[in-house]
Amino acid sequence: MSNKSLTSEERRQVERSLNSPIADADLEFYSKAAWWTYEEAAALSFGKNPKTVNWTSIRPLLHDSSFAQDYDRRRQLIKRAINAGQLENPIPPGDFLTWANQVGIPMPEAFWGLDSSGISLGGSKCTDDSHAQLSEELEEARAKITALREENAELMLQNTKLIQQRAEAASSVSGKELGTRERGNSKS
């Protein structure tokens, strides 16, 4: 589709196609993929087939469709997360689901319950329990990093103070030596 404005009939056809069963994602297939593009991740987060719901099909609807606007905002968030190093590009599905959960992006329930043992994500299993445990471990690791950064800052401050004290002591010693020499020279 081009950037031209759609007629109302064309717009209705596109909206119907986005709401048709063909636009629904095959979540079992995509859950087994080793990686997703950011556009696939955006479409899948709505439970939509990335081949049907993508920037090309959504862009002409931006001014008239709240779904198109939501898709665009989510797509932008994912791109920003990639640019900030929060997500890789391409995106491993497990990483995306973890990130989406952390930032509060709802995912289709089907992603969390494809089978009783969890969803297959590139050969690994991700259950609600393991996801919660990984999130907890991530938070603990972040807390440790913060504590280590604070400790490092404290040690750097102490090091700076010690360097200043050493410089002052050296200055004081050389001042005393100079004073002794000057006194010796004035007697002659």
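The values are calculated or read from the model by the stated rules, or taken from the named source; none is laboratory data. This one's a predicted model, so the numbers in the text were calculated from it and none came from an experiment. In this analysis, Cβ positions are derived from the backbone assuming ideal geometry, glycine residues included, and neighbour counts consider all displayed protein chains.
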ask   = Hey, any hits in region 96-109 for a residue that's surrounded by 15 or more Cβ atoms within 10 Å (Cβ to Cβ), of a type in the set (Ser, Thr, Tyr), closer than 30 Å to Leu44 by Cβ and at pLDDT below 85?
value = no
ask   = Does Tyr30 satisfy being surrounded by fewer than 19 Cβ atoms within 10 Å (Cβ to Cβ) and in contact with a strand residue (DSSP E or B) (Cβ under 9 Å, 6 or more places away or on another chain)?
value = yes
ask   = Do we find a residue being of a type in the set (Lys, Arg) and in contact with a Pro (Cβ under 8 Å, 6 or more places away or on another chain) anywhere in region 8-15?
value = yes
request  = Within region 70-85, count every residue that is exposed (fewer than 15 other Cβ atoms within 10 Å of the Cβ) and over 17 Å from Met107 (Cα atoms).
outcome  = 4
message = Within region 5-25, does at least one residue satisfy the condition of being within 25 Å of Gly104 (Cα to Cα), at pLDDT below 85 and either among the small types (Gly, Ala, Ser) or in contact with a strand residue (DSSP E or B) (Cβ under 9 Å, 6 or more places away or on another chain) (or both)?
response = yes
message = Can you tell me which condition Val53 does not meet? The list is (1) assigned to a loop (DSSP other than H, G, I, E, B); (2) surrounded by 15 or more Cβ atoms within 10 Å (Cβ to Cβ); (3) under 15 Å from the mean Cα position of the chain (by Cα), and all the others hold.
response = (3)
